Amino acid sequence: MNTNQSQQSPSGDPITGWWTEAVIYQIYPRSFADSNGDGIGDLPGITSRLDHLAELGVDAVWLSPFYPSPQADAGYDVADYRDVDPLFGGLPDADKLIGEAHARGLRVIVDLVPNHTSSAHRWFTAALAAPAGSPERARYIFRDGRGPDGEQPPNDWQSVFGGPAWTRVVEPDGRPGQWYLHLFDTGQPDLNWDNPEIRAEFLDVLRFWLDRGVDGFRVDVAHGLIKQADLADWQEPQEILSGNEGDRPRPPMWDQDGVHEIYRDWRRVLDGYPGERVLVAEAWVEPAERLARYVRPDEMHQAFNFEYLLASWTAPAQYAVITRSLEATDAVGAPTTWVLSNHDVVRHASRLGLPVGTPRPNGIGIGDPQPDGVLGLRRARAATLLMLALPGSAYLYQGEELGLPEHTTMPDEARQDPTWARSGHTQRGRDGCRVPIPWEADAPSYGFGPTDASWLPQPATWAEYALDRQRDVPGSTYEMYRTALRLRHEHGLGHGTLRWRESGDTVLTFDNGVLTVLTNFGESPVPLPSGAQVLHSSAPLTGDGAVGTDVTVWYRG
Ligand code: GLC
Ligand code: CA
């Protein structure tokens, strides 16, 4: 079967642009590089390490939020959309970072968090000081409670982080009063996107950053902005950022049709700027056809492909998700995207070391079944080479180029993700993938910063993953990534076409341009055709030149 990657819109025009085939590297600012030794990564730290990203060969960076914030959810609780938190630096540091990145040919995408503000945002403070029914409250979702004294929440929605999605406020007169909706932490009140003032404000925030030169926005919780008007009860448990899955009814808080009008307005703003500025949807929406609606020609440019991230490590599951993803985006003329790790999920070097078919863990801690680290890294490397050979755009998460595992034995006292407390200590949450990354094996905090300080503890075993232990070391994970990115670029894999050759129970083989890609998921080694010229592989071939278990090979001929 042939699956053509879309290089054509439904109208037949070719879709072009850097983003259609870009490799985009996610920087989690708190954990990338700390310039001043306070244990928290910052913008000058990022700027000082940009050469690493240029050397690695990525096309763009996406920065998780660095805006002023009480950090109730690591910066995804924004108190001011037009500034930089002093923890991370100031606006001049942002300008410098953007300029230095551009000077190295790297584009810069920033995070936009439109579903909710921080409870420290001036709008929310004003809402608390104003009476029920006021214009100040109409910027958020305030409702009277149920029950005779309004002591029950307005509906039964649960927060993604656990516990009720409503918090009752104390009215200015000191009496218990209305409730406000927060799909995430109590410190993250949901905005009311039916209010034109909110729409106008965010158009202006887009312009603020576009004027400073950013190349695009990653849009946080893009499927959540509009709620079903009646705020109807939803008996189902709230899974972390789970959208509408398969044939279940669509939840009243996710993927409502009204969100698309918002993104059409935003697209018009971006299209008014020179250069190719892009919108990327973080929308946990299934199935792929439903997700594809976010990337119709007049909406966003890309959407994260979480169905791919969640797919099991088996040949049939990978075949199915790749095929479905390409078909769904082809139908709307958008490029497909691929992603294996980010700051919300267990790193793939650990996730793939859990038994195949394990449901997605929301963190792993002491006392939980531990992943097999050797197996996990072997599979992660094979998965990465498979991913980087696919047509479309790929996202990398900082540290995966080092083969970094999840920190799975972090002391629970060190945890900072609100998920851990809000779930009543049943969900470990996301700290394990957010640990500051190692640069130099023998330096304090492995070179993360000038001191030993690190906002989350770094495992004692991380020296071996440090960049300086891997640079120029043949076969290291870092060099594997670097070679893959170089070959991907040289052979135009990002704008190529995928043609399946073989999709059996244990082996997948496809062509992309002159390259053939083979992944062996099975137990027996798979011989290569005679005369095959191996260009790259995720692990050495067997003694007689065959492809071993959990290995991906790129070859010609
Ligand atoms: C997104 C972010 C996640 C954050 C949530 C609430 O899913 O990726 O880190 O907690 O939105 O803003
Ligand atoms: Ca710092």
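Would you point out the residue of the range 96-109, among those that are in contact (Cβ under 8 Å) with a residue 12 or more places away in the chain and out of contact with any Gly (no Cβ under 8 Å at 6 or more places or on another chain), that is surrounded by the most Cβ atoms within 10 Å (Cβ to Cβ)?
Pass one, the range 96-109, residues in contact (Cβ under 8 Å) with a residue 12 or more places away in the chain: 96-102, 104-109.
Add one more test, that the residue is out of contact with any Gly (no Cβ under 8 Å at 6 or more places or on another chain), and what stays is 96-97, 100-101, 104-106.
On the way: Lys96: 16, Leu97: 26, Glu100: 16, Ala101: 23, Arg104: 11, Gly105: 10, Leu106: 19.
Checked the range 96-109; the qualifying residue surrounded by the most Cβ atoms within 10 Å (Cβ to Cβ) is Leu97.
Just a yes or no: is a residue in the range 301-313 among the polar types (S, T, N, Q), part of a strand (DSSP E or B) and more than 15 Å from Leu390 (Cα to Cα)? Break it down into steps so the answer makes sense when it comes.
Narrowing the range 301-313 to residues among the polar types (S, T, N, Q): 302, 305, 312.
Checking which are part of a strand (DSSP E or B) leaves us with 302.
Then keep just the ones that are more than 15 Å from Leu390 (Cα to Cα); that gives 302.
Yes, that holds for at least one residue.
So which of Ala303, Ala328, Ala311, Ala288 is touching a helix residue (DSSP H, G or I) at 6+ places or on another chain (Cβ under 7 Å), among the small types (Gly, Ala, Ser) and buried (at least 24 other Cβ atoms within 10 Å of the Cβ)? So that I can check it myself, show each step before the final result.
Numbers: Ala328 fails: buried (at least 24 other Cβ atoms within 10 Å of the Cβ); Ala311 fails: buried (at least 24 other Cβ atoms within 10 Å of the Cβ); Ala288 fails: buried (at least 24 other Cβ atoms within 10 Å of the Cβ).
The match here is Ala303.
Which one is nearest to ligand 1 (Cβ to nearest atom) among residues in the range 14-65 that are among the aromatic types (Phe, Trp, Tyr) and closer than 24 Å to Gly275 by Cα?
The initial filter retains those residues of the range 14-65 that are among the aromatic types (Phe, Trp, Tyr), namely 18-19, 25, 28, 32, 62.
Retained after the next criterion (residues that are closer than 24 Å to Gly275 by Cα): 18-19, 25, 62.
Working: Trp18: 23, Trp19: 20, Tyr25: 16, Trp62: 11 Å.
Step by step, filter the range 14-65, then rank; the result is Trp62.
Among the residues of the range 440-475, which ones are outside any loop (DSSP other than H, G, I, E, B) and polar (S, T, N, Q)? Quick ask: steps written out before the conclusion?
First, pick out the residues of the range 440-475 that are outside any loop (DSSP other than H, G, I, E, B): 444-447, 462-465, 467-470.
Matches in the range 440-475: Ser445, Gln470.
For the range 129-147, which positions are farther than 25 Å from Val219 by Cβ, in contact with a Lys or Arg (Cβ under 9 Å, 6 or more places away or on another chain) and not small (Gly, Ala, Ser)?
Pro131
Where in the range 486-557 are there strands (runs of 3 or more DSSP E), lying fully within it, with 1 or more residues that are among the small types (Gly, Ala, Ser) and in contact (Cβ under 8 Å) with a residue 60 or more places away in the chain? Quick ask: steps written out before the conclusion?
Numbers: elements: 498-503, 507-512, 515-520, 533-537, 551-556.
Where strands (runs of 3 or more DSSP E) fall fully within the range 486-557 and carry at least 1 residues being among the small types (Gly, Ala, Ser) and in contact (Cβ under 8 Å) with a residue 60 or more places away in the chain, they are 498-503, 533-537.
Restricting attention to the range 81-109, which residues are within 16 Å of ligand 1 (Cβ to nearest atom), within 22 Å of Val278 (Cα to Cα) and part of a loop (DSSP other than H, G, I, E, B)?
Tyr81
Where residues in the range 18-46 are outside any loop (DSSP other than H, G, I, E, B) and surrounded by fewer than 20 Cβ atoms within 10 Å (Cβ to Cβ), which of them is nearest to ligand 2 (Cβ to nearest atom)?
Initially, the range 18-46 is screened for residues outside any loop (DSSP other than H, G, I, E, B), giving 18-20, 23-27, 29-31, 43-46.
When the remaining residues are screened for being surrounded by fewer than 20 Cβ atoms within 10 Å (Cβ to Cβ), the result is 18, 44.
On the way: Trp18: 31, Pro44: 8 Å.
Top of the filtered list is Pro44.
(1) in a helix (DSSP H, G or I); (2) at pLDDT below 95: which one isn't true of Gln238, the others all being true?
(1)
Name the pairs: first residue in the range 331-350 and in contact (Cβ under 8 Å) with a residue 60 or more places away in the chain, second residue within 16 Å of ligand 2 (Cβ to nearest atom) and of a type in the set (Phe, Trp, Tyr), Cβ to Cβ under 9 Å, at least 6 apart or on different chains?
Asn342/Tyr28; His343/Tyr28
Step by step: first the residues of the range 160-188, then only those that are without any contact (Cβ under 8 Å) to a residue 60 or more places away in the chain and of a type in the set (Val, Ile, Thr), then the one that is surrounded by the fewest Cβ atoms within 10 Å (Cβ to Cβ). Which residue is that?
Of all residues in the range 160-188, those without any contact (Cβ under 8 Å) to a residue 60 or more places away in the chain come to 164, 166-181.
Then drop every residue that is not of a type in the set (Val, Ile, Thr), which leaves 167, 169-170.
Working: Thr167: 17, Val169: 16, Val170: 10.
Selected residue: Val170.
Any idea how many residues of the range 375-428 are surrounded by fewer than 21 Cβ atoms within 10 Å (Cβ to Cβ), in contact with a Phe, Trp or Tyr (Cβ under 8 Å, 6 or more places away or on another chain) and modelled with pLDDT of 95 or more?
2
The values are calculated or read from the model by the stated rules, or taken from the named source; none is laboratory data. On a predicted model such as this, the values are computed, not experimentally measured, just so you know. Positions of Cβ are backbone-derived with ideal geometry, glycine not excepted, and every protein chain shown enters the neighbour counts.
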